[in-house]
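Worksheet for the structure shown next.
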Amino acid sequence: MSGYVGVGIFAGLILAFGVVSLGVAAFLRPFRPNPVKLANYECGTEPIGSAWVQFPVGFYLVALVFVVFDALAVFAIPWALVLEAMGPAAFWAMALFVGIIALGWGYAYREGILEWK
């Protein structure tokens, strides 16, 4: 149980730092309400229509495919650093991982997720 006391104290300090920082910032910030600064801003043009629109599902699917390849990069870099020490088993484990990623990419390509319509 004593091993978790340090973690609890550290988590409490992190939480306190965030709350205190936001409180001090809210207290010290200037409050000058200006209708121009409070208006919506879209790339220098006047906003048209409601901000609550549904995006096409293709945006989300492309984002998910990006996350998958991002995960590949996150795992591939540390793997490359320890490959020589780990031996052939590490190579085949990463080959299996890349194969699974390739299957996902092939599925996304076959379904037309990567094509803008």
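Note on the chain: Rg/Rh from C-alpha atoms, Kirkwood Rh, equals 1.18.
With a 10 Å cut-off between alpha carbons and a GNM built on the chain, which of 36, 53, 62 moves the most? Result for the chain, Cα springs under 10 Å: 36 fluctuates most. With θ taken as phi - 60° and the Karplus curve 6.51 cos²θ - 1.76 cosθ + 1.60 applied, the whole-hertz 3J(HN,Hα) list for the stretch 19-36 is 5, 5, 4, 5, x, 5, 5, 5, 6, 8, 5, x, 10, 10, x, 9, x, 5 Hz, x standing for glycine and proline. Length available on full extension from residue 116 to residue 102: 0.36 nm per residue minus the Cα-Cα distance, which gives 3.0 nm. Distance between the modelled labels on residue 48 and residue 7, one decimal in nanometres: 5.4 nm (7 Å Cα→Cβ projection).
Just how far, in whole angstrom, is the stretch 95-110 from the stretch 61-91 if you go by their alpha carbon centroids? Here the answer is 13 Å between Cα centres. As a rough footprinting exposure proxy, the listed residues 32, 110 were ranked by other beta carbons within 10 Å of their own, and the order from fewest upward is 32, 110.
No value in this document is a laboratory result; all are computed from the given coordinates. None of these values were measured; they are calculated from a predicted model. In this analysis, Cβ positions are derived from the backbone assuming ideal geometry, glycine residues included, and neighbour counts consider all displayed protein chains.
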